[in-house]
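The next block holds one structure in the form of structure tokens; read it before the comments.
Quick note: the coordinates plus some simple rules give every number you see, no bench work behind them. What you see is a predicted model, and the numbers here were worked out from it, not measured in a lab. Neighbour counts run over all protein chains shown; Cβ positions are idealised from the backbone, glycine included.
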Amino acid sequence: MSSIPKSSPAPGSDDGAFAARAALVERLARVVPRPEIEIALPQLERIAALKAAHGAVIVAHNYQIPLITAGIADFVGDSLTMARYAARSPAPVIVVCGVHFMAESVKLLCPQKTVLLPDFGAGCSLAASVSPEDIRGLRQRHPDSPVVAYVNTSAAVKAEADICCTSANAVAVARSLGRPHLIMVPDRHLADYVARMTGLEVTTSGGQCEVHVKYAGTDIEAYRRQTGAVVLAHPECPRDVQERADFVGSTGAMDDYIETRRPRRVLLLTECSMADNVMLRHPRIEFLKPCNLCGFMKAINLDNVERVLTRPGATIEIDPAIAARARRPIERMLAL
Ligand code: 13P
Ligand code: SF4
């Protein structure tokens, strides 16, 4: 599973503080310029103190910057593992360093907790591409077909679905339904991947991730020829990229691949911070760095994390009627 171990203990005033601070700086220095780390250190300490004061934990997605993932997060992973970690944690306050649908997933799995998102503008082009009305329209056209909602959807869309999936389990979820045709929203490339892997007919609402569609199969050929790198692609990438990649999988699956196979040189076709975060744990692996940034993910930064812990402001809330319906497809997926 994609996760970076808990961040090094925050530097404080105890005996181990100096060593902890030095270890954190050395680790971060693999991917962050030292002056940037030195400037950030006092803020990392303030955030650690605020977390302790509020009994908060920070869950961060693999696409967050290393100063967040290694500097302040208690858990780093994909959207589903973030929500599962939050639900298992005894902490009453969860700060989500990720995008809005991820914070909603956390709230759905732990409704009694206070869920904070440092910037409510942190959206997702996929989640924004489909509405509950779209699902109802698709159901009318295909009344016998189950609806699979990718986790990259709003709670209101999940409430209309039969089951959820992540990019890690989409193929298994599709097979589990035992039907020849299914509706899978919203990502057309993930749906195409599932159709090819299962031989099932898959109808989609046709959304796409604005980050992963920027990759093209032709780019891969040039890189592979010149570098011999192993190419790992996210299933949100277009088909010509997937077909040329050595491995297609979620951020968690890419992480597992690197952990177990330890390739010498890797090209990760996903959001930029993923490579930095994996590199923190695998300093001997060379990561090639062409990448595309997700502006939504990058809306989260140390300043707004500190702000949300200082003045919590708006919390993530979901209409209880929608939450009850949205929880069902998530639980069905988790039960598989
Ligand atoms: P993962 O579930 O693979 O972490 O992906 C989430 C996401 O937003 C990909 O763009
Ligand atoms: Fe959404 Fe794509 Fe950003 Fe992931 S990378 S949060 S799918 S826009």
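The range 55-79 and the range 252-269 have their alpha-carbon centroids 20 Å apart. The Stokes-Einstein estimate for the range 247-336, based on a Kirkwood radius over Cα pairs and taken at 10 °C with 1.306 mPa s viscosity, is a diffusion coefficient of 96 µm²/s. Ranked by the mean number of other Cβ atoms within 10 Å per residue, highest first, peptides 98-106, 255-263, 151-159 order as 98-106, 151-159, 255-263.
For the range 135-211, the relative contact order works out to 27 percent when only alpha carbon pairs closer than 8 Å and six or more residues apart are counted.
Between Arg46 and Phe18, the C-beta separation translates, for a Förster distance of 22 Å, into a calculated FRET efficiency of about 0.75.
Extension gain, Ile39 to Asp219, is 61.2 nm, computed as 0.36 nm per intervening residue step minus the present C-alpha separation. Using R₀ = 51 Å, calculate the FRET efficiency as 1/(1 + (r/R₀)^6) where r is the Cβ-Cβ separation of Arg325 and Ala29; round to 0.05. The computed FRET efficiency comes out at 0.60. The ellipsoid that matches the Cα gyration tensor of the chain has semi-axes, each √(5λ) in whole angstrom, of 33, 26, 15, with the longest given first. Radius of gyration (Cα atoms) of the range 168-318, expressed as a multiple of 2.2 N^0.38 Å: 1.19.
For the range 97-157, a crude dipole built from +1 on the beta carbon of Lys and Arg and -1 on the beta carbon of Asp and Glu, taken about the Cα centre, is about 120 debye to the nearest 20.
Between Glu133 and Met197, the FRET efficiency estimated from the beta carbon spacing at R0 = 30 angstrom works out to 0.55.
Nearest 5 percent is fine: what portion of the DSSP beta bridges confined to the chain is antiparallel? Close to 5 percent. The Cα-based radius of gyration of the range 43-130, divided by its Kirkwood radius, gives an Rg/Rh of 0.95. Cβ crowding within 10 Å, taken as a proxy for footprinting-reagent exposure, orders Cys124, Cys164 from fewest neighbours to most as Cys124, Cys164. Compute the whole-percent fraction of alpha carbon pairs in the range 81-195 spaced more than 18 Å apart. Percent of Cα pairs beyond 18 Å in the range 81-195: 52. Shown for Ser167, Ser273: other C-beta atoms within 10 Å of each C-beta, ranked fewest to most, produce the order Ser273, Ser167. Multiplying the residue separation of Arg179 and Asp240 by 0.36 nm and subtracting their alpha-carbon distance yields 19.3 nm. log10 I(q)/I(0), Debye, Cα-only the range 1-159, no solvent, q = 0.15, 0.20 Å⁻¹? With no solvent term, the Cα-only Debye profile gives -0.83, -1.24.
Using a 10 Å cut-off around each Cβ, can you sort Asp192, Asp276, Asp78, Asp303 from fewest to most neighbouring Cβ atoms?
So the residues, fewest neighbours to most, are Asp303, Asp192, Asp276, Asp78.
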